Amino acid sequence: MSLKSQNPTKTTSWEKLKNHFNEIKDHKILDFFNENKLRSEELSIRWNDFYVDYSKNRINKKTIKLFSELLDEIDLKDSISKYFSGELINKTENRAVLHTALRSKVNIDIKDNGVDIHKKIKDVNNKIKEFSNSIISGSKKGYTDKSFTDIVNIGIGGSDLGPSMVVDSLKFYKNHLNTHFVSNVDGDHVNEVLKTLNPETTLFVIVSKTFTTQETLSNANTIRSWFLEKGAENKDITKHFIAVSTNIEKVSSFGIDKNNIFPMWNWVGGRFSLWSAVGISISLSVGFDNFNKLLNGASEMDVHFKDTKFEENIPVILACLGVWYNNFFKCESESVIAYSQYLNQFATYLQQASMESNGKSIDRDGNEIDYSTGQIVWGEPGTNSQHAFFQLIHQGTKLIPTDFIGFAKSLHGNIDHQNKLISNFIAQTEALMKGKSLSELESSEKASFTAPFKVFKGNKPTNTILINKLTPESLGKLIALYEHKIFVQGVIWNIFSYDQFGVELGKKLANTILEEIENNLTNNHDNSTNNLMKHYKSLN
């Protein structure tokens, strides 16, 4: 069964939310605090090593109550049940959405072609563990009997963004292997990576479900040619190349041994696949034990999301707040600022996870939607971002809700730096809320020409996620939190979050234009496209 279909804007609870919005839309966050001395305690959640404070939002307790009514009216509980139990909720592709099963500690009776999926997952994880251990320990060697020193992940989209983000985020826990990621079809990218590598000590991981993705296969073939040009023979490919794919035939014809092929399943979407064999580069980089801890952390968040009532449910609360600003305040974007340089790729990862999932304009009945869906997600690490785009968030004309993510403990133990980092982390949420009025400026300042330029309106909403320490477990929880936020928002907006037909049209047109460029052909395109092709050809 698929998810129920209901236009949220036609529900009784949505109408109540609209009326409530009109009542409080001009209310100041500071006034809410003045009216309720226990506001922070009431609008925050302590769970495991997470402390989530959402009190600095343009809401009150009634807002949360009304959203809970909406979630009941659209039967979110039923959707969550179908999500976790393997129902075919990705109806347009007739697939289940079961990335949660990849890290589940509870066996649910779900079959894939008659085989229990938990057995499949366990078998693949054992294979990942055995392979990772053999590379890390040096027992598995390259064609000249040298131990491996470098790993290159070749993939794009979910086959790159997730693993790359996790490897970068867990750099503190990495082993002696150097991990590289090649994704862009830009030849300069792959060649910049290759010039640092020794073919005798490099393992290449090709990640492509169909083994037909243009960018991935172009890079894989370029690397294969480079490998052979450097002195290796075809028979040596089996020792230096592995694949994560479903297309056994194409992978084998590339020269990869069948024993070195790790499976992908159609019930795991690409952007949620880092928990599967797609994450083998993570296991190679930080060791299988840490990879398993990442899975365990995500599983803990899964249980929290599945079993906790909506008013105390972190992903549900964040999802509702996102809808509140998107659909009622008409905010077009939200920023995510992680106060950890380790998480410098986190916002980039979330861009795909959120925007590819919920960037839809057709509802689950196939009708065009007349309300806003999806959010533009962006961000950079703090404190760097404070010296870049925070000017716009503080004093610009746009309302940009912002998530602040921080870790209480420094991994390297530098307390001086950590105190400065966290003081900025906390101060920015206060400054965005409080602002600074003209009357607060000193009398001499008020009379000056520059005074109006130093006014901050404040009343800018933020969520604060303070986590004890960046560990594989806490990172797993954090990623899963946002995965479930995306799911809840898709359910509310009555869209299918797990297909991505929007990426196909450009790919097809690119293949047509490539053929024309390579064969010096001219087809009937628009005037701009024809001239761009002609100009490109004239320069090459």
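Assorted remarks:
- Over every Cα atom in the chain, the radius of gyration and the widest Cα-Cα span, Dmax, amount to 25.2, 81 Å.
- Antiparallel DSSP beta bridges within the range 80-183, as percent of all bridges there, nearest 5: 45
- Carbon + sulfur, % of accessible area of the range 370-475 - ligands and nucleic acids excluded, 1.4 Å: 55
- For the range 414-464, the list of chymotrypsin sites (Phe, Trp or Tyr not before Pro) that fall in a loop by DSSP and count at most 12 other C-beta atoms within 10 angstrom reads F449.
- Nearest-10 value in Å² for the accessible area of K91, using the 1.4 Å probe: 120
- C-alpha long axis of helix 214-229 to longest principal axis of the chain, angle in °: 40
- For the range 315-375 versus the range 63-84, the gap between their alpha-carbon centres in whole angstrom: 18
- Formal net charge of residues neighbouring N296 (Cβ-Cβ distance under 11 Å; K, R +1; D, E -1): 0
- Charge dipole of the chain about the Cα centre (unit charges at C-beta), most positive-ward option of S385, T464, I337: T464
- Prolate/oblate/rounded call for the range 415-497, Cα gyration tensor, a/c under 1.5 rounded: oblate
- Sites S528 and T196 - FRET efficiency at Förster radius 25 Å, r taken between beta-carbons, to 0.05: 0.05
- Solvent-accessible heavy-atom area per residue, rounded to whole Å², over the chain at 1.4 Å: 45
- Cα gyration tensor, the range 1-70 - rounded (a/c under 1.5), prolate or oblate: oblate
- Helix 12-24 vs. the chain, principal-axis angle (Cα, 0 to 90°, nearest 10): 60
- Think of the range 174-218 as a dipole: +1 on every Lys or Arg Cβ, -1 on every Asp or Glu Cβ, centred on the Cα centre; then among T202, L177, Q214, L177 lies furthest on the positive end.
- DSSP bridge pairs, the chain: antiparallel proportion in percent, nearest 5: 30
- Here the accessible area is traced with a 1.4 Å probe on the protein chains. For the range 22-63, carbon and sulfur cover 45 percent of it.
- Within the accessible area of the range 278-359 (1.4 Å probe), percent carbon and sulfur: 43
- Loop trypsin sites (Lys or Arg not before Pro), the range 163-215, which have at most 11 other Cβ atoms in a 10 Å radius of their Cβ (DSSP): K195
- At most 15 other Cβ within 10 Å, DSSP loop - GluC sites (Glu not before Pro), the range 221-268: E233
- Only Lys, Arg, Asp and Glu carry charge here, each on its Cβ (+1 for the first two, -1 for the last two); on that basis the range 370-481 has a dipole of about 100 debye about its Cα centre.
- 15 Å beta-carbon shell around I45, net charge (K/R +1, D/E -1): -2
- 0 to 90° range, to nearest 10: angle between helix 472-492 axis and the chain longest Cα axis: 70
The values are calculated or read from the model by the stated rules, or taken from the named source; none is laboratory data. No experiment lies behind these values; they were computed from the predicted model shown. Every residue, glycine as well, gets a Cβ built from its backbone with ideal geometry; the counts of neighbours run over all protein chains shown. To get the accessible areas, we keep the full protein, side chains included, count just its heavy atoms, and leave off ligands, DNA and RNA. Shrake-Rupley method; radii C 1.70, N 1.55, O 1.52, S 1.80 Å.
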